[in-house]
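What follows is a set of notes on a single structure, which appears directly below.
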Amino acid sequence: MVGGGIGAFIGAVHRMAAALDGEIELVCGAFSSDPKKSKASGEALYLPSSRVYGNFEEMIRSEQKLPEGERMDFVSIVTPNHVHFGPAKMALENGFPVVCDKPLSFDMSEALALEKLVKDTGLLFALTHNYTGYPMVKQARAMVRNGELGKIRKVVVEYPQGWLSTKLEDTDQKQASWRTDPKRSGIAGAMGDIGTHAENLAEYITGLQITELCADLTAFVDGRLLDDDGNILLHFNNGAKGILHASQISAGEENALNIRAYGEKGGLEWRQMEPNSLIIKWLDRPMQVLRTGVGNLYPEAQAHTRIPAGHPEGYLEAFANIYRNFAICLRAKLQGKEPDPVYQDFPTVSDGVRGMQFIQKVVESSKSEQKWVAF
């Protein structure tokens, strides 16, 4: 693991998700840019001191020299955005597959370089767009793919939060500090942080791609350097139209990611804060509420459900589905086998490039007088 030391939020989430199914063991790490903090973090995680490193360069070089079967099998990168590219590039160049937190990189040039490197090396690369791991998101995707809703015409996806309604970054709160800093976060704030989740979820469920967008970004909090709210009109490659809204100043909201997609025959609705339900609204029959683990769901949903119906599965389990699928595919690759296609479903470097394109085009559109920008 690179990053995720003492006091980090997302590193702990990655470790819990990776460990959930017993497929992955944390064996080494460079947990902080501060070598002393990295060592302290490794000690807190009960790792041998010889496998806790002062920086990612030392970790990758040292692990690469260990015999096969002893060295790490892949690298998990859980740093702020501006420290994704360096360790990902070095890991791939030294033969190590990568799991990386989103967004993929700091800017578009880094994203394209990583995409080319993954293609050239043939190594596995997963991006943790974790909301795609929910069983009912996979059920929604399968229903759309199998034509149950007919041709998709309308997509509405929203991700409102309220945690940045005040200038929290001035209090030295770690997450707020780097996520609102263009030197560490990149060219977008809320849109880079949570807007990319909304974009990815819309494309994942519908199987469509955004072709044009018209964006309006705002930094509502005085003195904030990056957007904390955004509203976007979308055009998709099948002619569908959409609306995407992402906000971190929607006071009182928690993590209210939700999506509605409407086809010729009916529509679906899924909400992250009630993730075990998928609402289906039909043109010519009563509304249905599908539940995780209940009834004749698609194999894609069943394969990503761990426990009997009525025992809620949530954020960590969805996150864990990405790690488990990655582990299954990596093990199969090492053994020269072909994994079951149902487990080959995890976001890749190409999804990361789409996310970086989205950020770039949203910022371009918001600044433009022309407004509509080709994606």
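Structure data summary
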{"item": "Checklist (1) assigned by TED's automatic domain parsing to the domain that holds GLU158; (2) buried (at least 20 other Cβ atoms within 10 Å of the Cβ) applied to ALA142, failing item", "result": "(2)"}
{"item": "Members of the stretch 156-178 that are surrounded by 24 or more Cβ atoms within 10 Å (Cβ to Cβ) and closer than 19 Å to ASN130 by Cβ", "result": "VAL157, TYR159"}
{"item": "The stretch 343-372, subset of a type in the set (A, V, I, L, M, F, W, C) and at pLDDT 95 or above, residue surrounded by the most Cβ atoms within 10 Å (Cβ to Cβ)", "result": "VAL362"}
{"item": "Pair list, Cβ < 6 Å and 6+ apart or interchain, from the stretch 96-110 residues that are over 11 Å from GLY192 (Cα atoms) to residues that are hydrophobic (A, V, I, L, M, F, W, C) and part of a strand (DSSP E or B)", "result": "PHE96/VAL75; VAL98/VAL75; VAL98/PHE125; VAL99/ALA126; CYS100/ILE77; CYS100/LEU127"}
{"item": "Test: residue in the stretch 47-60 that is surrounded by fewer than 16 Cβ atoms within 10 Å (Cβ to Cβ), under 18 Å from LYS89 (Cα atoms) and at pLDDT 95 or above", "result": "yes"}
{"item": "Enumeration of residues in the stretch 228-254 that are in a loop (DSSP other than H, G, I, E, B) and either more than 20 Å from ARG179 (Cβ to Cβ) or touching a strand residue (DSSP E or B) at 6+ places or on another chain (Cβ under 8 Å) (or both)", "result": "ASP228, ASN237, ASN238, GLY239, ALA240, GLN248, ILE249, SER250, GLU253"}
{"item": "Conditions (1) closer than 23 Å to THR196 by Cα; (2) not assigned by TED's automatic domain parsing to the domain that holds GLY230; number of the one not met by VAL363", "result": "(2)"}
{"item": "Breaking point among (1) more than 29 Å from ILE10 (Cβ to Cβ); (2) of a type in the set (A, V, I, L, M, F, W, C); (3) outside the structural domain of LEU244 (by TED's automatic domain parsing), for ILE322", "result": "(1)"}
{"item": "Extreme residue, surrounded by the most Cβ atoms within 10 Å (Cβ to Cβ), among residues of the stretch 66-82 that are touching a residue at least 40 places away in the same chain (Cβ under 8 Å) and either in contact with a Gly (Cβ under 7 Å, 6 or more places away or on another chain) or charged (D, E, K, R) (or both)", "result": "THR79"}
{"item": "Entirely in the stretch 288-375, the helices (runs of 4 or more DSSP H) that have 2 or more residues that are touching a residue at least 40 places away in the same chain (Cβ under 8 Å) and over 27 Å from PHE74 (Cβ atoms)", "result": "349-367"}
{"item": "Identity of the residue in the stretch 302-339, among the acidic types (Asp, Glu) and surrounded by 14 or more Cβ atoms within 10 Å (Cβ to Cβ), that ends up modelled with the highest pLDDT", "result": "GLU317"}
{"item": "Extreme residue, farthest from VAL342 (Cα to Cα), among residues of the stretch 145-165 that are part of a loop (DSSP other than H, G, I, E, B) and not hydrophobic (A, V, I, L, M, F, W, C)", "result": "SER165"}
{"item": "Residues within the stretch 179-190 that are outside any loop (DSSP other than H, G, I, E, B), surrounded by 19 or more Cβ atoms within 10 Å (Cβ to Cβ) and of a type outside the set (Ser, Thr, Tyr), tallied", "result": "2"}
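The values are calculated or read from the model by the stated rules, or taken from the named source; none is laboratory data. Keep in mind it's a predicted model, so treat the numbers as computed, not measured. Every residue, glycine as well, gets a Cβ built from its backbone with ideal geometry; the counts of neighbours run over all protein chains shown.
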